[in-house]
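Q: Here it is: the structure, laid out below.
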Amino acid sequence: MRPFCSLFLLARVLGAEPADWIWSARYVITVDGSGRVIENGAVAVRGRDIAAVGTKAEIDRRFQARQRLDRPDSIIAPGLINTHTHAAMSLFRGVADDLRLDEWLEKFIFPAEAKNVSADFVRWGTRLACLEMLLSGTTTYTDMYYFEEVVAEATKEAGMRGVLGETVIGFPVADNKTPADALKYTESYFKRLAGDDLIVPAVAPHALYTNSDETLKAARALANKYKMPLLIHLSETKKENDDIQAKRGMSPARVLDSLGIFSGRTVAAHAVWTDDADLKILKSRGVGVAHCPSSNMKLSSGAAPVAKMLALDIAVGLGPDGPAGSNNDFNLFEEMDLAAKLQKLLTMDPRALPAAQALEMATIRGARALGLDRMIGSLEAGKRADMIVVRTDRPHAVPLYGAVSQLVYALKGSDVRDVMVNGKPLVRDGQALTLDAKRIMAKAAEYGEKVRVSLR
């Protein structure tokens with residue numbers, strides 16, 4: 001008889017329910033509808049789902065688990081959700097910094113991509129990104145890049161969850177020479193990944209200013225045909241806004257709305273230069289927004305009106321953007337902290353975007369932006385078991401008066417100790433279980449040298 005069958009029978013005899021795992025900690029931050037923070041809490045996991053969340057005493061009385069993880073000096077929280085990045089650009093980390101977005105793209109990134117990006121480059125860049133994200137507590141991420149089927153393979157290999165968008169852009173790139181080719185590739189990608197347990201494939205027209213109206217409409221039609229999301233950059237810079245306003249007499253949001261691009265599940269990255277009328281459009285169309293504070297600050301793009309978005313109950317998540325000049329890491333702990341502080345500075349109100357809201361943006365509100373809030377984003381029975389353990393036994397973590405405040409303002413991505421996605425442990429004691437860290441680091445160094453040579 002298999003061990004779990006024996007456990008199941010024993011649990012029935014003892015009047016307990018069987019579980020695969022029980023994780024317990026000093027605090028469990030649920031981010032559920034009531035914002036419960038459970039002291040001496042625990043989470044029971046059965047298969048890929050959360051079976052129950054409660055006090056350790058309650059969970060221990062109710063469940064008999066095959067395996068346990070007890071972390072009395074830690075916090076258990078939902079896995080963090082990255083709503084906008086370009087994962088494979090990890091291999092361009094630091095290639096060009098302290099530049100305006102247009103200069104960074106046109107003089108450095110687009111040429112570097114033309115010389116270096118291949119399917120193998122994307123595979124290793126994605127592996128490096130997944131390693132970094134997992135070790136810092138991100139369990140779901142949203143990507144926009146090339147060779148997205150390869151991105152999906154690497155993401156599944158890591159055991160992570162991904163909303164992965166194939167880029168459609170109006171000039172030849174590594175995987176597709178025309179927008180029509182990219183849309184054809186995307187349709188094949190949709191068919192291949194439909195119904196996957198970890199991957200949601202998406203179409204990602206880069207932006208209004210890099211695609212024709214016809215391409216944007218075709219991307220929307222393709223997404224709707226397969227009931228998949230559309231990802232797009234929106235109003236990232238003042239130059240973008242001013243140029244489009246001068247050319248078309250409308251803001252980018254109004255143009256996209258007039259074209260029907262928001263008529264379906266959409267995630268708009270940045271939305272920095274949006275006015276009240278734009279926000280009403282995003283709200284009415286149910287558009288999710290990916291707020292990227294580090295990127296917007298580093299590129300001097302501006303500060304998105306996130307406090308206004310939240311007042312309208314727009315689904316705003318967080319993203320680090322690409323780690324190659326717009327941001328040089330994937331650390332969502334940093335984005336939570338900066339998102340809260342940037343809105344306080346923008347509004348001159350220290351009460352703007354409190355810690356609890358910042359955490360919601362990194363979890364349940366980010367899940368809502370992706371259309372996945374019924375599955376992930378909070379620790380509740382019936383949802384997927386995507387969760388992290390964050391240690392609280394280091395000098396910057398004590399004393400602890402409020403678990404949520406501590407998580408957002410004091411704790412770091414490097415404090416993440418354990419990670420589970422879909423009921424499967426992926427990180428234990430700060431070590432990746434599904435990825436070969438030494439091999440990935442060695443390949444990253446190889447590619448770094450190739451990129452360096454190509455830019456001479």
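Bear in mind these aren't lab numbers, they're just calculated from the coordinates by the rules spelled out. Bear in mind that the values here come from a model prediction, so they are computed numbers and not experimental data. Cβ atoms come from the backbone with ideal geometry, glycine included; neighbour counts cover every protein chain shown.
Q: Could you tell me which of the pairs Lys177/Lys217; Lys56/Lys383; Lys156/Lys443; Lys184/Lys308 are separated by over 28 angstrom between their Cα atoms in the structure shown?
A: Lys184/Lys308
Q: Based only on other Cβ atoms within 10 Å, what is the fewest-to-most ordering of Lys438, Lys227?
A: Values: Lys438 8, Lys227 11.
So the residues, fewest neighbours to most, are Lys438, Lys227.
Q: Can you give the charge dipole size of the chain about its Cα centre, rounded to the nearest 20 debye, using +1 on the beta carbon of Lys and Arg and -1 on the beta carbon of Asp and Glu? Spell out each step's value before the answer.
A: Values: 59 positive and 56 negative charges, 178 e Å.
It comes to approximately 860 debye.
Q: With each run of n ≥ 4 DSSP H residues scored as -39500 (n - 2.57), what mean residue ellipticity at 222 nm is computed for the chain after dividing by its residue count and rounding to the nearest 500 deg cm²/dmol? Walk me through the numbers before you get to the answer.
A: Working: 17 runs with 177 residues, N = 456.
Theoretical 222 nm ellipticity from helices: -11500 deg cm²/dmol.
Q: Please give the Cα centre distance for the stretch 37-77 versus the stretch 410-432, rounded to the nearest Å.
A: 16
Q: With labels modelled as points extended 7 Å from the Cα through the Cβ direction, what inter-label distance (nm, one decimal) is found for Lys107 paired with Ser454?
A: Distance between label points: 2.0 nm.
Q: Per-residue counts of other Cβ atoms within 10 Å, averaged by peptide: what ranking do you get for 35-42, 390-397, 363-370, 234-241, highest first? Don't skip to the answer; put the middle values down first.
A: Numbers: 35-42: 18.2, 390-397: 16.4, 363-370: 28.4, 234-241: 21.6.
The peptides rank, most packed first, as 363-370, 234-241, 35-42, 390-397.
Q: Also, I was wondering about something else. Which ³J(HN,Hα) values, rounded to whole Hz and listed in residue order, are derived for the stretch 263-275 from phi using the Karplus coefficients 6.51, -1.76 and 1.60 in 6.51 cos²θ - 1.76 cosθ + 1.60 with θ = phi - 60°, glycine and proline given as x?
A: Whole-Hz 3J(HN,Hα) from phi for the stretch 263-275: 8, x, 4, 9, 10, 9, 8, 5, 6, 5, 9, 10, 9.
Q: Just the number, please: percent antiparallel of the DSSP beta bridges in the chain, rounded to the nearest 5.
A: On the way: 29 of 70 bridges.
If I count the DSSP bridges inside the chain, around 40 percent turn out antiparallel.
Q: Modelling each spin label as a point 7 Å along the Cα-to-Cβ direction, I'd like the Leu312/Arg248 distance in nm, to one decimal.
A: Modelled inter-label distance: 1.7 nm.
Q: Take every Cα-Cα pair in the chain and report what % of them are more than 43 Å apart. Could the numbers behind the result be given before it?
A: Values: 12525 of 103740 pairs.
Roughly 12 percent, once rounded to a whole number.
Q: Let me ask another. Normalised by the residues of the chain, what does the relative contact order come to in percent, with Cα pairs under 8 Å and at least six apart?
A: 20
Q: Of Leu312, Phe190, Thr363, whose Cα points farthest to the positive end of the dipole of the stretch 80-369 (charges on the beta-carbon: +1 Lys, Arg; -1 Asp, Glu; origin at the Cα centre)?
A: Leu312
Q: Arrange the following residues from fewest to most other Cβ atoms within 10 Å of their Cβ: Phe92, Phe171, Phe190, Phe262.
A: So the ranking, lowest neighbour count to highest, is Phe171, Phe190, Phe262, Phe92.
Q: What angle, in degrees between 0 and 90 and rounded to the nearest 10, separates the Cα long axis of helix 437-454 from the longest principal axis of the Cα atoms of the chain?
A: Around 10 degrees separate the two axes.
Q: Can you classify the stretch 2-154 as rounded, prolate or oblate using the Cα gyration tensor, where a ≥ b ≥ c are the square roots of its eigenvalues, rounded means a/c under 1.5, and otherwise it's prolate if a/b beats b/c and oblate if not? Intermediate values should be presented prior to the final figure.
A: On the way: a/c = 4.03, a/b = 2.36, b/c = 1.71.
It comes out prolate by the Cα gyration axes.
Q: From the square roots a ≥ b ≥ c of the eigenvalues of the alpha-carbon gyration tensor of the stretch 273-398, which class results: rounded (a/c under 1.5), prolate (a/b over b/c), or oblate? Provide the component values of the computation, followed by the final result.
A: Details: a/c = 1.57, a/b = 1.13, b/c = 1.39.
Note, shape of the stretch 273-398 comes out oblate.
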